[in-house]
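Each remark here refers to the structure printed beneath this line.
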Amino acid sequence: MDPNQKRAKAVDRVDSVDTGAASSESTRMCPFPDEVLERVLSLIGSHKDRSSVSLVCKDWYNAERWSRRHVFIGNCYSVSPEIVAARFPRIRSVTLKGKPRFSDFNLVPEDWGADVHPWLSVFSTAYPFLEELRLKRMAVSDESLEFLATNFQGFKALSLLSCDGFSTDGLKAIATNCKNLTELDVQENGIDDLGGHWLSCFPESLSSLEILNFASLNSEVSFDALEKLVSRCKSLRVLKVNRNVSLDQLQKLLLQAPQLMELGTGTFMQELVSGPVTELKNTFSNCKHLVTLSGLWDATPLYLPVIYPACARLTFLNLSYATLRSIELANLLTHSKSLRRLWLLDTVGDKGLEAVGSCCPLLEELRVFPADPFDQEIFLGVTESGFVSVSRGCPKLRYVLYFCRQMTNAAVATIAQNCPDFTHFRLCIMNPGQPDYLTKEPMDEAFGAIVKTCTKLQRLAVSGLLTDRTFEYIGKYAKNLETLSVAFAGSSDLGMEYVLGGCPKLRKLEIRDCPFGNAALLSGLTKYESMRSLWMSACNVTMNGCRELAKEKPRLNVEVMKDEGSDDSQAHKVYVYRTVAGPRRDAPPFVLTL
Amino acid sequence: MELELSLSPPYQKTPSIINKSFHGGDDDRCSSTVTRFPRVSWNQDEDDDNNKRFFNGEYQQDMDGDGEGLIGWPPLHSWRKRFMEENHSGGEGFNGRVDEEGENINVMNNNYNELLFVKVKMDGVGIARKIDLNAIHSYQMLTSTLIHMFHKYVENDEDGASYKLMYQHKDGHWLLAGDIPWEMFIQTVQRIQMVRK
């Protein structure tokens, strides 16, 4: 690009921040030529840092926008594709997130929006050399995938998480047309699975694949095609297959790809034949670079030992699809001392968690999912005691997601003392509004202990019986909190007001089924523009309250989702977010922008 | 051990909390799991209309169509829920399956898209359960599974000898289980009942 041409370009400033450098035409603040500045800035990866850089002065704003290769858009409706394309001319990689997080739990109706297609249309002209697209909670159609596959010649990496609206036909288009594909990651989406033929659409000439993840697809793919693909893609480092791939087949794949770093197995159970077990063990032992292991569906004590040789090197083990019991887990963990991240099913019980505490001193992240979330038997799963055991043995814990049926304030206080470095604390006591089961008191002190002790806390999800006191603690002590999830909690508007009045770094607040009303909603008037979004559903907010918010804050989109058959004056689902793109033009009939 | 089914967990029986089951004993409406959501009164003061109205009303409205409870709760992704449903047939008992001789059973490659769930009800127990018959390969395994599933309702009875296993044929009539080969059984069984002798 001709530097003179660049300097002459008008600055499409999105924000109206004037740094006082408007007169820098003649008195240049920056002693370097543009190219040097750009080169330096191109080394800055973090988008937050880049935002800061762009605010320094006009020259830096320009140098930053020309050197940016990756753009991260946390809310697809906060900005329009046209604005993005106008500001950043040289993007190669886009991360785009759409629906509010509660859509993962069916709280957002279908056809709500977040369609990726308008973005792709603009990108096809603005970024014809786009290489990477990472989408989360977007609506993606087969037509969009085909459009992507055929309009971007150098396209390399596609990652879809929690998206829906497409089928395996869309994957066919990607496999067929993207000649330089390095990544195809489609786990955990609402895919319409029409069969496994898509995998056979990769041409024989394609050997560039580095990441392939189709773990959550149900249909069988042609093993022959898969094996050939794996064998010719010498740079393959991540392979996560689906449950239909048998142990024998896995064995064959691993022989072709000993260089793998991340492996998601298929089913881990099959007919017992003595030969393959020892061979399989050797094969795993030969995968010297394996650091992540997942899948392991139907894993039993019969076959689990084959992974033992690889366990010593593992840093991330995802057992959340393996219904292991405590003894099986304990045996496995004695081989896995290097684990940093561990995901489990609660079938392992408190005893299993004791084993975690004893074997994994380097553990930083633990997620325990319920195997039977709707079963009310309280003797199933894990309790406060398991959590405490882990906290004793794993002082480096910083990320926890824990589903349980009982908890006490004292236990959580102990956990906080043992693990003061929590950055993410997500506790889900599965019965809504359940108190401390020993003292019968609310769980306020538990979360109080967390926010007081864990000063680095960025993300918090609360549960159990909670009064406004919990929120008083949060507002007062959680100085670094960015994301807060609340359900079935609080006693009055005060609760939400405490949070909005404190928590200086709050960006995302999602609330369901709480007694917070208009006063609470409006108490955040000055705060919402500094946040990404607010979600409130099944609370006490009315249309009038929302209208007032919308009137006072024109730069926010205040959207109300109408519910069939509910009172028209109540605002059943409210989604508020800052935007520079104005009200949505693609809102379906049930979404009202006030 | 009493057979009477307590519909709410013991720890919730405190004076300030009202417990009420949302489901009656209607089997036909029961899915594999019955969720009991108590109405929780936040305050000791029963006359606090705001709170009472709020929680009782909202819980009722947000119930899932098939009676599984509140929408979106617990907060688990649908792909994880799907996996759990597939494993609901008492998966724990099947790790390392062995048959009567202690030999490992030849497990057929399950086509995971085909699940054969049938409802199982035990005399005297209000809640029906469901099991996946495709994951079970013999009558012996069926009885062990059922014992494991309903064990807390059976009084010190290791082999369930005080119950007999009846099944409803697809023609509608009830028969004693065990007379026909297993493969034929799973073709015709509609539902299963454990009947007290």
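The numbers here are math on the coordinates, done by the rules we state, and not lab data. All figures in this text were calculated on a predicted structure; none of them were measured in a lab. We place every Cβ from the backbone using ideal geometry, glycine too, and count neighbours over all the protein chains shown.
Computed from phi, the 3J(HN,Hα) profile of the stretch A:71-82 under the Karplus parametrisation 6.51, -1.76, 1.60 (θ = phi - 60°) reads 10, 10, 10, x, 9, 4, 8, 7, 8, 9, x, 5 Hz, with x in place of Gly and Pro.
The residues neighbouring A:Ser569, those whose beta-carbon lies less than 14 Å from its own, together hold a net charge of -2 under the Lys/Arg +1, Asp/Glu -1 convention. Its residue count N fixes a reference of 2.2 N^0.38 Å for chain A, and the Cα radius of gyration divided by that reference is 1.03. First measure r as the distance between the Cβ atoms of A:Asp586 and A:Arg547, then evaluate 1/(1 + (r/R0)^6) with R0 = 25 Å and state the FRET efficiency to the nearest 0.05. Once rounded, the FRET efficiency stands at 0.70. Each other residue within a Cβ distance under 15 Å of A:Lys240 adds +1 if Lys or Arg and -1 if Asp or Glu, for a net charge of -3.
Placing +1 on each Lys and Arg Cβ and -1 on each Asp and Glu Cβ, with no other charges, gives chain A a dipole about its Cα centre of roughly 2180 debye. Of the GluC sites (Glu not before Pro) in the stretch A:377-445, the ones in a loop by DSSP (not H, G, I, E or B) with at most 15 other beta carbons within 10 Å are A:Glu377. Which lysines have a Cα lying under 28 Å from the Cα of A:Lys396, excluding residues fewer than 8 positions away in the same chain? Candidates past the 8-residue exclusion: A:Lys48, A:Lys288, A:Lys337, A:Lys351, A:Lys452, A:Lys456, A:Lys476, A:Lys479, A:Lys505, A:Lys508. Among residues other than A:Pro361 with Cβ under 11 Å from its Cβ, the summed charge is +3 (Lys and Arg +1, Asp and Glu -1). Ordering A:Pro258, A:Ala63, A:Trp198 by the projection of their Cα atoms onto the charge dipole of chain A, which places +1 on the Cβ of Lys and Arg and -1 on the Cβ of Asp and Glu, puts A:Ala63 at the extreme positive end. For A:Lys179, the lysines whose Cα comes closer than 22 Å to its Cα, not counting residues fewer than 8 places off in the same chain, are A:Lys156, A:Lys228, A:Lys234, A:Lys240. When the square roots of the Cα gyration tensor eigenvalues are ordered a ≥ b ≥ c, the ratio a/c for the stretch A:223-324 is under 1.5, which makes its shape rounded. Counting only the Cα atoms, the stretch A:29-161 fills a convex hull of 110 Å³ per residue. Couplings for the stretch A:414-424, taken from phi via the Karplus curve 6.51 cos²θ - 1.76 cosθ + 1.60 with θ = phi - 60°, read 4, 4, 4, 4, 6, 10, x, 8, 3, 10, 9 Hz in order; Gly and Pro are left as x.
If you take the Cα centroid of the stretch A:147-187 and the Cα centroid of the stretch A:433-505, the two points sit 41 Å apart. Reported to the nearest whole Å, the Cα centre-to-centre distance from the stretch A:337-379 to the stretch A:528-550 is 37. The calculated FRET efficiency for the pair A:Thr334 and A:Ser42, based on their C-beta separation and a Förster distance of 41 Å, comes to about 0.30. Here each label is just a point 7 Å from Cα along the line to Cβ, and for A:Asp568 and A:Glu279 those points are 7.2 nm apart. Counts of other chain beta carbons within 10 angstrom of each beta carbon in peptide A:432-440 average 5. Stretching the chain fully between A:Gln259 and A:Phe32 yields a gain of 77.3 nm (0.36 nm per residue, less the alpha carbon separation). By DSSP, the beta bridges lying fully in chain A are antiparallel in about 15 percent of cases.
Taking label points 7 Å from Cα along the Cα-to-Cβ direction, B:Tyr139 and A:Ala410 give a separation of 5.2 nm.
When only C-alpha pairs under 8 Å and at least 6 residues apart count, what is the relative contact order of chain A, in percent? That works out to 6 percent. From the Cα gyration tensor of the stretch A:390-513, with a ≥ b ≥ c the square roots of its eigenvalues, which class applies: rounded if a/c is under 1.5, or else prolate if a/b is larger than b/c, or else oblate? Note, shape of the stretch A:390-513 comes out oblate. Charged side chains reduced to their Cβ positions (Lys and Arg at +1, Asp and Glu at -1) give the stretch A:531-594 a dipole of some 440 debye around its Cα centre.
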